[in-house]
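The values are calculated or read from the model by the stated rules, or taken from the named source; none is laboratory data. What you are looking at is a predicted structure, and each value in this text was computed from that prediction instead of being measured. Quick reminder, even Gly has a Cβ in these numbers, built from the backbone with ideal geometry, and neighbours come from all protein chains shown. Note: accessible area is taken over every heavy atom of the protein model, side chains too, but ligands, DNA and RNA are not part of it. Shrake-Rupley method; radii C 1.70, N 1.55, O 1.52, S 1.80 Å.
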Amino acid sequence: MECDSSCDLTAKLEEKLNLSQKEDAATDGDSDITLRPLDLTDVDDFMEWFADDNVSKFCSWDTFTSKEDAMNYVADIAIPHPWFQAICLNGKPVGSISVSPFHGTDRCRGELGYVLASKYWGKGIATKAVKMAATAIFVEWPHLERLEAVVDVDNPGSQRVLEKAGFRKEGVLRKYYLLKGKPKDIVMFSLLSTDPQVNYFM
């Protein structure tokens, strides 16, 4: 049976992702960064970052205090989500990354979000995961023109992740959203499907 164009596209994506992972591993010891869907068997690993006050500080959700809450989140939010993946280090989930779609006349945009257990910060893991997500989403969602991310102005670490992943800093939006009930300024970042670095990722 002959392979159609979608099969060719999938093979190309897998080849590029494998190449990217090999290149990243060469610069980061034996680290193997992969993305895959979360499931309920990951709940203990999931708690490592969702029960981490350092992580939840800049997130809309509060720190999880029970395994039951974590299981409900995975079952009700993560699994049904259109694009929600575990960030795995050598097979172990250490964070998560998602792309949320917009609808109607805004369907050309998607919003990227990611979290990583704090003990893995500063190792390049989040940057690699963002590059991998960007590579995948522009292929899987061919209608997508723009991938954007909003970061708290007081979260320079996350801003550096996006800059290293090739996102463009567009500016500061004042009092853009409420975080734990308080209005916050955010930095808007974007990556377009036509940006040269997207072709480099792929």
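Some points to look at:
- Scope segment 93-108; condition exposed (fewer than 13 other Cβ atoms within 10 Å of the Cβ) and outside any loop (DSSP other than H, G, I, E, B); matching residues: Gly104, Thr105, Asp106
- Here segment 155-195 is the region considered, the condition is being part of a helix (DSSP H, G or I) and open to solvent by 60 Å² or more (accessible area, probe 1.4 Å), and the residue that is nearest to Asn54 (Cα to Cα) is Pro156.
- Candidates are the residues of segment 131-154 that are over 19 Å from Phe102 (Cβ atoms) and among the hydrophobic types (A, V, I, L, M, F, W, C); the one that is surrounded by the most Cβ atoms within 10 Å (Cβ to Cβ) is Met132.
- Options Asp106, Asp69, Asp62; residue that is modelled with pLDDT of 95 or more, out of contact with any strand residue (DSSP E or B) (no Cβ under 8 Å at 6 or more places or on another chain) and under 22 Å from Leu178 (Cβ atoms): Asp106
- Count of residues meeting criterion [open to solvent by less than 20 Å² (accessible area, probe 1.4 Å) and part of a helix (DSSP H, G or I)] in segment 109-126: 2
- Where Leu35 falls short, out of the listed (1) more than 23 Å from Ser158 (Cβ to Cβ); (2) modelled with pLDDT of 50 or more; (3) of a type in the set (A, V, I, L, M): (1)
- Boolean, His103 is more than 27 Å from Phe64 (Cβ to Cβ), out of contact with any Pro (no Cβ under 9 Å at 6 or more places or on another chain) and without any contact (Cβ under 8 Å) to a residue 24 or more places away in the chain: yes
- When segment 60-86 is filtered for residues that are touching a Leu at 6+ places or on another chain (Cβ under 8 Å) and either in a helix (DSSP H, G or I) or closer than 26 Å to Ile186 by Cβ (or both), the ones remaining, listed by number, are Ser60, Met71, Val74, Ala75, Ala78, Phe84, Gln85, Ala86.
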